[in-house]
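Every number here is computed from the coordinates shown, using simple stated rules; none is lab data. None of the values given here were measured: they were computed from a predicted structure. Heads up, the Cβs are rebuilt from the backbone with ideal geometry, glycines too, and the neighbour counts pull from every protein chain shown.
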Amino acid sequence: MSAYSETNLSSGERPREIVLPARTAWPLVLAFGLTLVFTGLVTIAAVSLLGGLLSLFGAVGWFREVLPHERHESVPVREEVIVIATERREVARIQIAPELQRLRFPIEVYPVASGIRGGLAGSVAMAAVAMIYGWISQGSIWYPVNLLGAVVYADALQLTAARLAQFSMLLLLVALTLHLTTSLLVGLLYGTMLPMLPRHPILLGGVIAPLFWSGLVYSVLGLVHPLLNARINWWWFTASQIAFGLVAGLVVIRHTPVRVRQFVPLAMRAGIEATGMPEEKRDKGENR
């Protein structure tokens, strides 16, 4: 606390000057000297010697400023009248178009059931394209099934193409589990993503997203699993992904969207009568 504070604050008078710690440059000299000390460790000893001398002088000079009594200096008080004025008579609010809000915070989303149904329908379409590829390239619909099962059961990749074209119950169960799980997860993702793409959702979700996903898998699989990467026909793989995206997207958008109750408190969503809830918020929640 400044030297004037106890006397002037008790009497209620405005101070004409305040007493502050005196300014000094010795801390800068000490810091520069320490910098030279460590710089000399990677250059020459003379730099460290110079830094040591500066550090010593800086420390002694700084200590003499504060010991045995700290030096002070008086600073006059200048009163300044600050006038806060504004030409606005009300708070300016940022106007955001509804379509811009919908891009980030969708007003309506599709129900969870639409994502599940879309994922199942898309899985059938993707499996159909994959089986057509197996029948054309290897003369067997089991070739792409066994190839998908090889993602987990890697020993299957050691088999010849003729063996991969034969039926295998183990690889069928593994491939079926992977296929259904992935399809359901991507279907749920489509149910959440498509409301954020109000323009051309089928083009973005059914063509662009599968192309992006196929390119990502192609670039990663070559590094992670090169043997499996060599056996995949990427043209047919991309076609199966597009088939999934188109069918899943069409199934999802056929459902009726559900309004998102973003501004409704948790107590109202749970049906609890909470005291002290603003009427304005309650009305907004009921309208939404």
Inter-label distance, nm, simple model (7 Å from Cα along the C-beta direction), residue 161/residue 91: 7.1 nm
Spread of Cα-to-Cα distances over 5 Å intervals beginning at zero, given as percent, for the stretch 109-257: 2, 10, 18, 21, 19, 13, 9, 5, 2, 0
Gain in span if fully extended, residue 77 to residue 38, counting 0.36 nm per residue against the direct Cα distance: 9.7 nm
Length gained when the stretch residue 259-residue 234 is fully extended (0.36 nm per residue, less Cα-Cα span): 5.0 nm
Using a Förster distance of 25 Å, the FRET efficiency for residue 69-residue 31 (Cβ separation, nearest 0.05): 0.55
Whole-number D in µm²/s for the stretch 5-76 (Stokes-Einstein; Kirkwood sum over Cα pairs; 20 °C, 1.002 mPa s): 147 µm²/s
